[in-house]
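Quick notes on the structure that follows.
Coordinate-derived values only; no laboratory data. Predicted model, so just to flag it, every value in this text is computed and none were measured. A quick note on method: Cβ atoms are made from the backbone with ideal geometry, for glycine too, and the neighbour counts reach across all protein chains shown.
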Amino acid sequence: MSGAPSQLESFDYKPELAKWHGKEIPSSIKSTQRNSGMVSDQSSFPLVQPAFDFRQYGQSGAWISELFPYTAGVVDELCIINSLYTEAINHTPAVSFVQTGSQQPGRPGIGAWLSYGLGSENENLPAFAVLNSLGKGGQPLSPAAWGCGFLPSQHQGVQLRGGADPVLYLNNSEGVSATERRGQLDLIRELNEQQDDRWNDPEIQARIAQYEMAFRMQTSVPEALNLDEEPDYIYDLYGPGARTPGTFAFNCLRARRLAERDVRFIQLYHTGWDHHGALYGGMQDQARMTDQPAAALITDLKQRGLLEDTLVIWGGEFGRTSFCQGRLTKQGFGRDHHPGCFSMWMAGAGVKAGTVYGATDAFGYNVASNGVHVHDFQATLLHLLGIDHEALVYKHQGRRYRLTDVHGEVVRGVLA
């Protein structure tokens, strides 16, 4: 959820803020966290109560905003973590940190690490697929977030576009038959292997593998992403956007089809959550586009027997401040970036379902218990997929690298 959805309007209910609404945040609280330069010209920082009502759902009694009724309907499948925190305060480094374990670009993304560490279970589809949908505006996304960094290039994410041509330049040009293309690739492979014998460059083998994958994808990708065979009740499950290419609902349905075909890691990006102003209407728009399809994905995976070995994760790159950015009006107020605490949820694949883990203080400003650093979250993700995060390493330029850099602990409290 690119742009960082407000945890205070989604999954971290703070009724105490109603008593402080419009009052200045105590300086002793505000000074405990960094604030972005976008509020540097503000002289007042009034606290803002949650803009939407919350209710408790499920056996866990999890508090969920009225914006997410479909997610509330599957709450007993979820493990909600309200105590995440990060080191980055601006979007691009924060997205990079969540995806690659480093604020600086150039490291492999999670999907690339998994492709490298676990390989592929479907030789006709990429192990790491990326589906981008568009919210209303938002920060641009850099392909570095799903890049392979210093890993061999066959591990990078393959971006699948909406519409009839999901991978650009994949299909043969007019007048070029499959037999002719096969002959071209055989010749290119022979030339590349001669170069490999001479230079022993691992990127040559990576290039050979990419050519072969592209050839196989000419038939496998159209079949995997063809939604025409989906019945009406599945479209109804995912919501009205499911028939529109490029929407989050459309991509969730595609993600389920890829998961059925053993694609190892599927990354969905949905932009538009960066609400420095007009949060009230902006959150409604974003929830309307994402709530039903995200819940439908869980329901659909479960009814097909796939949820038990598929890990579903929902979240952004950091949280939002409990004080107001801009003028405090219902329609106009916003919330600034906040690395000190934010929320994510997980479902499936060994997660303790029906659980709320961690807590923040009454102001929703600092972690109060069971803090989960981004590297802890990444270590836990790898553990759920059968990997010791300290053992998945790659030596590059004399140093051994890993997704969790030099620290990170598995969060045992979220494991079933």
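Computed over the chain with a Gaussian network model linking Cα atoms closer than 10 Å, the most mobile of Arg182, Arg161, Arg254 is Arg182.
What is the local net charge at Gln218, summed over the other residues whose Cβ is closer than 15 Å to its Cβ (Lys, Arg +1; Asp, Glu -1)? Before the final figure, lay out each step's value.
On the way: positive: Arg181, Arg182, Arg216; negative: Glu123, Asp165, Glu174, Glu180, Glu212, Glu223.
Overall, the nearby charge balance is -3.
Packing order of peptides 376-386, 286-296, 143-153, highest average first: 286-296, 376-386, 143-153 (average count of other Cβ atoms within 10 Å over each peptide's residues). Anisotropy class assigned to the range 1-121 is oblate, per the alpha carbon gyration tensor with a/c at or over the 1.5 cut-off and a/b no larger than b/c.
The slack in the chain from Arg34 to Thr299, taken as 0.36 nm per residue of separation less the alpha-carbon distance, amounts to 91.5 nm. Loop-located trypsin sites (Lys or Arg not before Pro) in the range 310-407 (DSSP state not H, G, I, E or B) with no more than 15 neighbouring Cβ atoms inside 10 Å: Arg327, Lys330, Lys352. Residue ranges 303-312, 223-232, 363-372 sort as 363-372, 303-312, 223-232 when ordered by packing (mean number of other C-beta atoms within 10 Å per residue, highest first).
Would you list Val411, Val167 from fewest to most Cβ contacts within 10 Å?
On the way: Val411 22, Val167 17.
Fewest-to-most ranking of Val411, Val167: Val167, Val411.
For Thr355, the amide hydrogen comes within under 5 Å of the amide hydrogens of Leu78, Cys79, Ile80, counting only partners 5 or more places away or on other chains and with H modelled in the peptide plane. Listing Trp199, Trp273 from fewest to most neighbouring C-beta atoms within 10 Å gives Trp199, Trp273.
Less than 13 Å Cβ to Cβ from Glu87, Lys/Arg counted +1 and Asp/Glu -1: what total charge do the surrounding residues give? Working shown, then result.
Details: positive: Arg34; negative: Glu317, Asp376, Asp405.
Charge balance near Glu87 sits at -2.
With a simple spin-label model that places each label point 7 Å from the Cα along the Cα-to-Cβ direction, the separation between Gln184 and His407 comes to 5.2 nm. Taking the Cα centre of the chain as origin and assigning +1 to Lys and Arg Cβ atoms and -1 to Asp and Glu Cβ atoms, the resulting dipole is close to 1040 debye.
Here the convex hull built on the C-alpha positions of the chain has a volume of 147 cubic angstrom per residue.
Working from Cα positions, state the angle (0 to 90°, nearest 10) between the long axis of helix 202-224 and the longest principal axis of the chain. Once rounded, one gets 80 degrees. Extension gain for Ser369-Asp201 works out to 55.6 nm (0.36 nm per residue, less the C-alpha to C-alpha distance).
Add +1 for every Lys or Arg and -1 for every Asp or Glu among the other residues with Cβ under 15 Å from the Cβ of Met1, and state the total. Spell out each step's value before the answer.
Numbers: positive: Lys136, Arg288, Arg320, Arg335; negative: Glu9, Asp12, Asp274, Asp285, Asp291, Glu317.
Cβ neighbours under 15 Å give a net charge of -2.
Think of the chain as having a plus end and a minus end, set by charges on the Cβ of Lys, Arg, Asp and Glu; of Gly138, Gly371, Gly348, Gly371 sits farthest toward the positive end of this dipole.
May I ask what percent, to the nearest 5, of DSSP beta bridges between residues of the chain are antiparallel? Write down the numbers at each step before the final one.
On the way: 24 of 37 bridges.
Antiparallel: roughly 65 percent of the beta bridges in the chain.
If I stretch the segment between Ala359 and Glu174 completely, what's the gain in nm (0.36 nm per residue apart, minus their alpha carbon distance), one decimal? Please report the intermediate quantities before stating the final value.
On the way: separation 185, 0.36 × 185 = 66.60 nm, distance 5.88 nm.
So the chain would gain 60.7 nm between Ala359 and Glu174.
Using all pairs of distinct alpha-carbon atoms, the Kirkwood hydrodynamic radius of the range 214-284 works out to 14.1 angstrom. As a calculated quantity, the FRET efficiency between Asp41 and Ala18 at R0 = 35 Å, using C-beta atoms, amounts to about 0.80.
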